[in-house]
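Since every read-out is calculated from the coordinates, none of them should be taken as a lab result. These numbers were taken from a predicted model, which means no experiment stands behind them. Here the Cβ is made from the backbone with ideal geometry for all residues, glycine too, and neighbour counts use every protein chain on show.
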Amino acid sequence: MRVSAMATTFSALPEPVERPSGGPRLDHRIHPASRWIFLAILVAGVSYAGYSIFVDTAEVGEGLALGTFAFLGLALLIALGFEFVNGFHDTANAVATVIYTNSMSAPLAVVWSGFFNFLGVMLSSGAVAYSIITLLPVDLILHVGSNAGFAMIFALLLAAVIWNLGTWFVGLPNSSSHALIGSILGVGFANQLLSAGTGGTSGVDWSQATKILTGLWMAPLIGFAASFLLLRLMKVLLRNPKLYSAPDADAPPPTGIRALLIFTCTAVSFAHGGNDGQKGMGLIMLILIGCAPTAYALNRTMPESATPAFVSSVTAAAGAFAAHAAPAVTPVDLAGSRAVLTRALQTRHADTPEVYGAADALSRDVAQRIGGYGSLDKVPAAATPNLRNDMYLLLDSARLATKDKDKAAATFSPSELASIKAYQTNLEQGTRYIPIWVKITVALALGLGTMVGWRRIVVTVGEKIGKTHMTYGMGASAELVAAATILGAEFGGLPVSTTHILSSGVAGASVASGAGLQPRTIGSMALAWVLTLPAAMALAGGLYWLFLTASGSVGAI
């Protein structure tokens, strides 16, 4: 009965829309068997995640109480729900060009895109995942298992999902990245306001936020300008008039052009999976660290043979910090060292003798503890949260202390900087990792999301941006620019918006082709772009306050 109801719900989601004049078919009927296959994959993915958590926690002797397991399951479902919504919200941009040029039928296009989204997630580096997390207040990351930490996770996830669903419902190509980053900033800013009178966290890391937001506001400009120039260049170098004409109704393009458009759709799908999938990975790791720290707070997959080199790098970096620490202000106890480093991260100033002394003291203690255990895999359950927090403090403090390259070069010798760099790499490998099952479940959620709800956004991108039907050249130039930009951003560990880059690329290509833009659609897209950040911030901040109030934790942060 329950499965039947789920199947009915799924079949009702992708309601056919009216076929635009001269456009492709968007009203393909779904074969009944495909619904059951969809549900089977969905259930298998969720079951695999639950089984993996059970095995991972059992291996380290961390049995989860039923209530904790249920709480963890709910949080993971919401996080995977965000990636699912992201899939049908953002990936519609990738398939719009091949659908509207009749290069692929709509059912084949969304399955094709879903598969390459899956591959993109599986082959991603994980750098974007943790660049998102660094936006969060340091106190909440260090105590992610507290009431405030759980309130943070649920608030930012729900805010991003609600905004994504709202913009999808009205057919706007809104950015899931924009919504998530806005939600994170909203939680951080709310936390800063709520803790202002208690000397709590300083809130958002605005230097990191500025870096990420710069990429977001530049994305539409890059997409527009680069697509405009690329299409103009194509017209000079590729003089095939068929490339710049509207597709024939119900007829596929010539073989070469069709291959080009399928390639660009594939590239955008793969790039989107690699960049956007990591955002869900980062959030899931926060959830896992909060609910099951013994199993996930440390990278227990590091081999025991790597421990001596790990301890050696920690000791070498401690010596580098000790050489520049003023003995008179060096903390003599570990609690004092932790307090100094925490305050340094809150104030974003880690280049003082006091901080160097704290890093020296805590680093030597970490080296002694890990050396005594023999490997990260052998760290006892009770010691795992404290060790992870100490390693996190040291990693981000070391990065902050050497962020200003000129000042760092004037303070540390080249050999000392090399020791600190190796130290950062080892700490990162020990604390920032993503289990393979997390990648698989996120990849499934993102891939399956492409097969539901894509029609609304496809209609907007294909018919409502330019005044004329999308040509082959317009679609190819917009997607080539989007794929190259997203892959470049992933290499640099930056989250970017597939929606912003691609939709603005379509607009740039429309102008370059001599077609005008539809002011109403462009105005609505611009409004969504402007409103997303403050709306998501306000929604997430309000939910964070609500959850803290409900748990009685407002005065405890």
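Each Lys or Arg adds one and each Asp or Glu subtracts one; over the other residues with Cβ under 13 Å from the Cβ of Asp56, this totals -2.
Toward the positive end of the charge dipole of the chain, with +1 on the Cβ of Lys and Arg and -1 on the Cβ of Asp and Glu, the farthest Cα among Pro303, Ala318, Gly182 is that of Gly182. Placing dummy labels 7 Å off each Cα toward the beta-carbon, the span from Lys405 to Ser125 is 1.6 nm.
The long axis of helix 147-169 is offset from the longest Cα principal axis of the chain by roughly 10 degrees.
Here the residues Val379, Val187, ranked from fewest to most Cβ neighbours within 10 Å of their Cβ, fall in the order Val379, Val187. With a cut-off of 20 Å on the backbone N, the residues of segment 513-528 near the modelled label site 7 Å out from Val170 along Cα-Cβ are 518-528. Given +1 at the Cβ of Lys and Arg, -1 at the Cβ of Asp and Glu and no other charges, the dipole of segment 304-431 around its Cα centre is 160 debye to the nearest 20. Spatially, segment 268-301 and segment 211-235 are offset by 29 Å when compared through their Cα centroids.
Between helix 353-373 and the chain there is an angle of about 90 degrees, using the helix long axis and the longest principal axis of the Cα atoms. Mean sequence separation of contacting Cα pairs (under 8 Å, at least six apart), scaled by the length of the chain, corresponds to a relative contact order of 32 percent. Phi angles of segment 299-305 translate, via the Karplus equation with coefficients 6.51, -1.76, 1.60 and θ = phi - 60°, into HN-Hα couplings of 7, 7, 8, 5, x, 4, 5 Hz per residue; Gly and Pro are given as x.
Between Thr255 and Leu237, the contour length at 0.36 nm per residue exceeds the Cα-Cα span by 4.6 nm. Other residues within the sphere of radius under 15 Å centred on the Cβ of Thr431, judged by their own Cβ, net out at +1 (K and R +1, D and E -1).
Between the alpha-carbon centres of segment 149-192 and segment 69-148 there is a gap of 13 Å. If R0 equals 51 Å, the separation of the Cβ atoms of Arg369 and Ala33 corresponds to a calculated FRET efficiency of about 0.40.
Subtracting the Cα-Cα distance from 0.36 nm times the residue separation, let me have the gained length for Ala418 to Phe54 in nm, one decimal.
127.0 nm
In this model, which of Lys211/Lys405; Lys211/Lys407; Lys378/Lys421; Lys403/Lys439 are farther than 22 Å apart at the alpha-carbon?
Lys378/Lys421; Lys403/Lys439
Prolate is the label for the chain, because a/c, from the alpha-carbon gyration tensor with a ≥ b ≥ c as root eigenvalues, is 1.5 or above and a/b exceeds b/c.
So, with +1 on the Cβ of K and R and -1 on the Cβ of D and E, and no other charges, what is the size of the charge dipole of the chain about its Cα centre, to the nearest 20 debye?
For the chain, the charge dipole is close to 1280 debye.
Fully extending the segment from Gln429 to Thr214, taken as 0.36 nm per residue of separation minus the present Cα-Cα distance, adds 74.6 nm. Ordering Leu417, Ser363, Gln429 by the projection of their Cα atoms onto the charge dipole of segment 304-431, which places +1 on the Cβ of Lys and Arg and -1 on the Cβ of Asp and Glu, puts Gln429 at the extreme positive end. A Förster radius of 35 Å, combined with the Cβ-Cβ distance separating Thr68 from Ala246, puts the computed FRET efficiency at roughly 0.05. Pairing the Cα long axis of helix 414-431 with the longest principal axis of the chain, what angle in degrees results, from 0 to 90 and rounded to the nearest 10? On a 0 to 90 degree scale, this one is about 70.
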